Amino acid sequence: ASDAVLRHRPGPGANTVSWLVWHLTRVQDAQLADALGHPDTWQTEGWEERFGLPFEPGATGYGQDPDEAARVTAGRELLAGYHEAVAHHVHEWLAGLGDADLDEVVDPGWDPPVTLGVRLVSVLADALQHVGQAAYVRGLAERAGT
């Protein structure tokens, strides 16, 4: 997709493809790194500096208002690079897990406590929803001639 398509907002307050891809990647990076006891790729590999976003260092997009979301204007190469780096680490981390690891509690602050298996499904479900949203917004942008 062109950078114009990535930044297209189909309506006031709507999320862009750029924000959706950044957010789904940040969520995977932050939540899985935390759950699996690893540092996140965002801060340790310089992606935070490359994106240059005016957000707190640990921001993942949760709770951002439309004006904040509109500040994510990253292009295709930057988004793809970050997503590929996170996917590489996630594959490495998951490859080292055994069946028993999925039952380990990673967030006791919920009732019932969240296990690693539940967290993995939650992150996957969130990412799939945002991928579908990004594909839809891309289609709207392309049909609008963006």
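The values are calculated or read from the model by the stated rules, or taken from the named source; none is laboratory data. In this text the structure is predicted, and so the values were computed from the model without any measurement. All Cβ positions, even for glycine, are placed from backbone atoms using ideal geometry, and neighbour counts span all protein chains on display. All accessible areas refer to the heavy atoms of the entire protein, side chains included, with ligands and DNA or RNA removed. Shrake-Rupley method; radii C 1.70, N 1.55, O 1.52, S 1.80 Å.
Could you rank the peptides 110-120, 76-86 by their average count of other C-beta atoms within 10 Å per residue, with the highest value first?
Working: 110-120: 14.5, 76-86: 16.7.
For the peptides 110-120, 76-86, the packing ranking is 76-86, 110-120.
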Using a cut-off of 14 Å between beta-carbons, work out the net charge of the residues near residue 123 (Lys and Arg +1, Asp and Glu -1, residue 123 not included). -3
Output the 0 to 90 degree angle, nearest 10, between the alpha-carbon long axis of helix 17-36 and the longest principal axis computed from the alpha carbons of the chain. 10 degrees
Quick calc: nm separation of the 7 Å Cα→Cβ label points for residue 73 and residue 50 -> 2.0 nm
For residue 140, what is the net charge nearby, where nearby means another residue's Cβ is under 14 Å from its Cβ and Lys, Arg count +1, Asp, Glu -1? +3
Under a plain spin-label model, where a point goes 7 Å from the Cα along Cα-to-Cβ, how far apart in nm are residue 107 and residue 135? 2.6 nm
Over all Cα pairs of the chain, the Kirkwood radius sets Rh, and Rg/Rh then becomes 1.00
Taking just the alpha carbons, could you work out the radius of gyration and Dmax for region 92-134, both in angstroms? 12.2, 35
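Counting only heavy atoms of the protein chains, get the accessible area per residue of region 6-135 (1.4 Å probe) and round it to a whole Å² value.
Working: 6960 Å² over 130 residues.
Here the residues of region 6-135 average 54 Å² of exposed surface.
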Burial order of peptide ranges 65-75, 14-24 (average beta-carbon count within 10 Å, highest first): 14-24, 65-75
Residue-wise, which Karplus ³J(HN,Hα) couplings in Hz belong to region 108-122, taking 6.51 cos²θ - 1.76 cosθ + 1.60, θ = phi - 60°, and x for glycine or proline? x, x, 10, 10, x, x, 8, 8, 4, x, 5, 4, 4, 5, 4
